[in-house]
Amino acid sequence: MATELQTVPVRTIDGRDASLGDYAGKVLLVVNVASKCGLTPQYEGLEALYRSKKDAGLVVLGFPANNFLAQEPGTEEEIATFCSTEYDVTFPMFSKISVAGEDRHALYSALVAAEPEAQGPNGEAMRERLSSKNIPIHPKPEVLWNFEKFVIGRDGEVAARFAPDTPPSDPELLAAIDKALAA
């Protein structure tokens, strides 16, 4: 799976060809992001996490997605401007992709196949909250919502998956990142 993840083509938010292989040997936190979501303030925590652990080998990768109630309607330029002006994001951002459904990007197909369920109780609680509000959600093992997080170890293997409402400062998320950094 590691090789597959590392070779999936993606594009940076400014249009350059890339892949996760560009970050070989690093620990990655892959997050599907959105600018108009109740969880959007997580950008602040993601940036703080990136700044505090990048010298140890962590790279946060943001993948804008418009899959959930059209909460990422902007163009790449609008998204980049929003991220830099509102949250001073310096971690790598990528072009908008689909992370769930029939048009799901190959990167997210590989991530979901490698780790079909999020860790901890947050995912089920959030799934129930969304359902109770009659908000359409994708069935498991699809990504539930914006800001779902995948930790990828230095070996390129998916080490953990966390629910969207897991904050970047969550002790379990930090433990998974630290374990991957120590490996």
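Read the figures in this text as sums done on the coordinates, not as results from a lab. Here the structure is a predicted model, which means the values were calculated and not measured. Ideal geometry is used to build each Cβ from the backbone, glycine not excepted, and the neighbour counts take in all protein chains shown.
Multiplying the sequence separation of Ala106 and Asp55 by 0.36 nm and subtracting their Cα-Cα distance, what value in nm do you get? Numbers along the way, then the final one.
Numbers: separation 51, 0.36 × 51 = 18.36 nm, distance 2.92 nm.
That works out to 15.4 nm of additional length.
Would you tally the net charge around Ser109, using a Cβ to Cβ cut-off of less than 15 Å, leaving Ser109 out, and scoring K and R as +1, D and E as -1?
Values: positive: Arg104, Lys140, Arg161; negative: Glu4, Glu102, Asp103, Glu115, Glu142, Glu148.
Neighbour charge sum, excluding Ser109 itself: -3.
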## Note on the structure
With Cα springs under 10 Å, the Gaussian network model of the chain assigns the largest mean-square fluctuation among Leu130, Leu61, Leu39 to Leu130
### Query
Ranking Val33, Val59 by Cβ neighbours within 10 Å, fewest first, what do you get?
Val59, Val33
### Task
Please work out whether the stretch 2-182 counts as rounded, prolate or oblate from its C-alpha gyration tensor, where a ≥ b ≥ c are the square roots of the eigenvalues and a/c under 1.5 means rounded, while otherwise a/b larger than b/c means prolate and anything else oblate?
rounded
## Note on the structure
By the Cα gyration tensor axes a ≥ b ≥ c (a/c under 1.5 gives rounded; else a/b larger than b/c gives prolate, otherwise oblate), the shape of the stretch 7-56 is oblate
### Query
Can you list the lysines whose alpha carbon sits under 30 Å from that of Lys53, skipping same-chain ones fewer than 8 residues off?
Lys26, Lys36, Lys96, Lys149, Lys179
### Task
Consider a paramagnetic label point 7 Å from the Cα of Ser169 along Cα→Cβ; state which residues of the stretch 39-68 have an amide N under 15 Å from it.
41-52
### Query
Taking Cα centroids, how far is the stretch 1-37 from the stretch 133-183 in Å?
15
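Note down the relative contact order for the stretch 2-182 as a percent, whole number, built from C-alpha pairs under 8 angstrom at least six residues apart. Don't skip to the end; give the middle numbers.
Details: 330 pairs, mean separation 51.8, N = 181.
Relative contact order for the stretch 2-182 comes out at 29 percent.
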